[in-house]
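Please read the structure below before turning to the comments.
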Amino acid sequence: MRGFNGDKVIKLNYTRIMKRIKKCGSEGYTIIELLVVMAITALFSSILISYNHTSRQQIAFYAEQTKLIQSIFRAKSLALGSYVGSSASNICGYGVHIGYSEMSYSIFSYSKAGVTDCQGISSINPASENIISTFKLDNNVSFTTVISSGQRLDDVLFIPPQPLTLVGSGGSIIRNGSAAVSLRTLDSSLSASININSAGLIDF
């Protein structure tokens, strides 16, 4: 029986291990390939981040547009519901005020104090507006202060029983016509206007 040669066994195992390391090294990624993969990953990550940011703005835009429309309809509904056919009421009607500098809007009741005939109001007095609720726009959405066509809506007041619709713009009331409030996302990817005319039609 031949004797056990430990040095020979160690040498054979070392040789096999080195062959495996060389084989793995030859089948692995090169530095250039790794750099390409990293570049593609970074590109897709930036696209995904940009897409998510745009999506957030668009979701916020549609939510704010819906809330503003609902607030206008709520004011109109309050006006219709408040009519009691009595001169004892101290409220002429309800409306919505647009705060462009504050990026907010408010539902208000319009005080009858100092008003002899609610149907004959010639201008909407901010001092007569009693704020019921105020809503701040989402940080991803803003009002457009310049309207491309038509006039900018500052206030709309609904006076029962019809209701009579008073559209306020620049301190005066539009008797025959309309005004609009416009919203847009911060990146201007979306924009829309809500138009209200003197007949009470709300278009969006």
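Backbone amide hydrogens, once placed in the peptide plane, bring Leu190 within less than 5 Å of Thr185, excluding anything fewer than 5 places away on its chain. Database remark: amide H of Arg152 closer than 5 angstrom to the amide H of Ala180 (H placed geometrically; neighbours at sequence offset of 5 or more, or on other chains; Pro and chain starts carry no H). Once every Cα of segment 65-203 carries one equal point scatterer and solvent is ignored, give the base-10 log of I(q)/I(0) from the Debye formula at q = 0.14 Å⁻¹, two decimals. Each listed q corresponds, in turn, to -0.60.
Remark: spin-label model distance Ile202-Thr54 equals 3.1 nm, labels positioned 7 Å along the Cα→Cβ axis.
Each other residue within a Cβ distance under 13 Å of Gly99 adds +1 if Lys or Arg and -1 if Asp or Glu, for a net charge of -2.
Relative contact order of segment 61-204: 22 percent, from C-alpha pairs under 8 Å at least 6 residues apart in sequence. Placing R0 at 35 angstrom, the Cβ-Cβ distance between Ala192 and Leu43 gives a FRET efficiency of 0.60 after rounding to 0.05.
Rule-based calculations on the coordinates, nothing more; no lab input. Everything quoted here is computed from the prediction, not taken from an experiment. As a convention, Cβ positions derive from the backbone with ideal geometry for all residues, glycine included, and neighbour counts pool all protein chains shown.
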